[in-house]
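What follows is a single structure, written as structure tokens, with notes after it.
The values are calculated or read from the model by the stated rules, or taken from the named source; none is laboratory data. Fair warning: this is a prediction, and the values are worked out from it, not measured in the lab. Ideal geometry is used to build each Cβ from the backbone, glycine not excepted, and the neighbour counts take in all protein chains shown. Quick note on the areas: whole protein, heavy atoms, side chains included, nothing else; ligands and nucleic acids left out. Shrake-Rupley method; radii C 1.70, N 1.55, O 1.52, S 1.80 Å.
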Amino acid sequence: MKLFIFAIALVLFTFAPVHGLKKCEKIDACRCSTDEGEINIWSLAGQNTNGARFNISSYAQSTTYYQWNPCSPRADQGHPCEESAVCQLNRKSASEISRVNIGERKLSDCVLDEKNGQCMLTYDVTGNSKIKTQISLVCDEKEVGKVDPMSTDSSVYSTSLHSICACPGRCLLDAQGDVETRFDASNVGGSGLSVGAIVGIAIAGVILLIILLFAIFICCLRRKLPSGIPKPSVCTTAKVGLGIIKKKLCPCC
């Protein structure tokens, strides 16, 4: 039984997927290159340049919220958020709203969060090196696009996008120009695994099945031994079992 448990643990350790990205580099404002494939969130950008794609609440204040247009520039935000990707809005009264630019599309970057193994979209602001917005791209095949409330630490703003498009290689893009995009849903709900990963999982499954059947065979072999005599060790029983299998499969060997 100990041999069986050790064998299963060894197989699971050998073939268990390694979670977390090892590389995240910018391709453009909404595409990041990773070691597992391209993350492409252009499909989430939306076509309307006169409205924010994502309205994000604040963890700290109910009168503060944020607007994020990840890929396409906004035309109606007004100074100082005109052409920005991320804008902070503070509601002073029912009719008065102040705006703060906290991230510019032209200063976007893809950065690897080594702690979580995730890609982050980061945005800087021209003339203010202290302000930075960080948006973690969290792979979630059950979400099209959901953004967590924004948290702040001094002048650093942080949130997470949960989306199937944050999974490497998932959302396909048919680009025409800079902002004309089409979401290709043909890949939604697919495996999202490469051919190599699928083959590896299949091989691991076969090996695990063989080990399981062999362990059952060894257990049955030990039970057939006459009672009252000391039973050999599991290793000895395994060697005998391998000899029996070899003789059955290759009697001429």
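What is the calculated FRET efficiency for ILE216 to LEU249, with r their C-beta to C-beta distance and R₀ = 22 Å, to the nearest 0.05?
My answer for the efficiency is 0.80.
If Lys and Arg each add +1 and Asp and Glu each add -1, what is the summed charge of the other residues whose beta carbon sits under 13 Å from the beta carbon of ASN90?
Net charge around ASN90: +2.
Can you pick out the pairs among LYS26/LYS92; LYS23/LYS132; LYS106/LYS130 whose Cα atoms lie more than 25 Å from each other?
With Cα atoms farther than 25 Å apart: LYS26/LYS92.
Quick check: residue separation of SER98 and THR236 times 0.36 nm, minus the Cα distance between them. What number comes out in nm?
Full extension of this stretch gives 41.8 nm more.
I'd like the accessible area for GLU36, computed on protein heavy atoms only with a 1.4 Å probe and all protein chains in place. Round to 10 Å², please.
100 Å²
Ignoring ligands and nucleic acids, what accessible area does VAL234 show with a 1.4 Å probe (Å², nearest 10)?
40 Å²
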